[in-house]
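In what follows, a single structure is set out as structure tokens and then discussed.
Read-outs throughout are calculated quantities, based only on the coordinates presented, and are distinct from any laboratory measurement. As the structure is a prediction and not an experimental result, all values here were calculated from the model. In this analysis, Cβ positions are derived from the backbone assuming ideal geometry, glycine residues included, and neighbour counts consider all displayed protein chains.
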Amino acid sequence: LPLNQRSEAYPFSGYVLNISVSTRGHRDKGDLEFCVVFPLGEWTGGGLDLFEPSFLFRLHSTDAIIFPSCDITHFNQDFKGIHMSLV
């Protein structure tokens, strides 16, 4: 960064706020190590599916999950309500 300023996302390289997003199975090739996901809102459904280890997480607004998003195919299931995630 200019003038050796610390990133606003420090210690992470960046972040994104997903609002009402459903994804197909994918890997985040740009992520070098781990991804941290904080779900937000009030919803039903919308589980986070990690394909290769065959895990389905039913997350709530008070949860967080850390996983290597560059190595594991992941997607979220259909949901109803207000569903966001800070990644």
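Here are a few things to note about the model shown:
- Alpha carbon centroid spacing (whole Å) that separates the stretch 1-50 from the stretch 69-87: 9 Å
- Charge context of G47, other residues only, Cβ under 13 angstrom, K/R +1, D/E -1: -1
- Assuming charge only on the beta carbon of Lys and Arg (+1) and of Asp and Glu (-1), the dipole of the stretch 15-73 about its Cα centre is about 160 debye to the nearest 20.
- Pairwise label distance in nanometres, S22 with A9, each label 7 Å out on the Cα-Cβ vector: 2.6 nm
- For semi-axes √(5λ) of the Cα gyration tensor in Å, the candidate list reads (1) 24, 16, 10; (2) 20, 17, 11; (3) 26, 18, 13; the entry that matches the value derived from this model is (1).
- Amide H contacts of T73 (H built 1.01 Å from N, in plane; Pro and chain starts excluded): F51, E52 sit under 5 Å, all sequence-distant by 5 or more or on other chains.
- Efficiency of FRET from Cβ geometry, E33 and Q77, R₀ 41 Å, rounded to 0.05: 0.95
- In terms of other Cβ atoms within 10 Å, H74, H26 run from fewest to most in the order H26, H74.
- The mean sequence separation of alpha-carbon pairs under 8 Å and at least six residues apart, normalised by the residue count of the chain, gives a relative contact order of 42 percent.
- Signed unit charges on C-beta, dipole axis of the stretch 1-69, positive-most listed residue G41, I65, A9: A9
- Built amide H within the under 5 Å cut-off of L40, gap 5+: M84, S85, L86
- Among 41-49, 27-35, the order from most to least packed when residues are scored by Cβ within 10 Å on average: 41-49, 27-35
- Footprinting exposure proxy ranking of L86, L40, L56, fewest other C-beta atoms within 10 angstrom first, gives L56, L86, L40.
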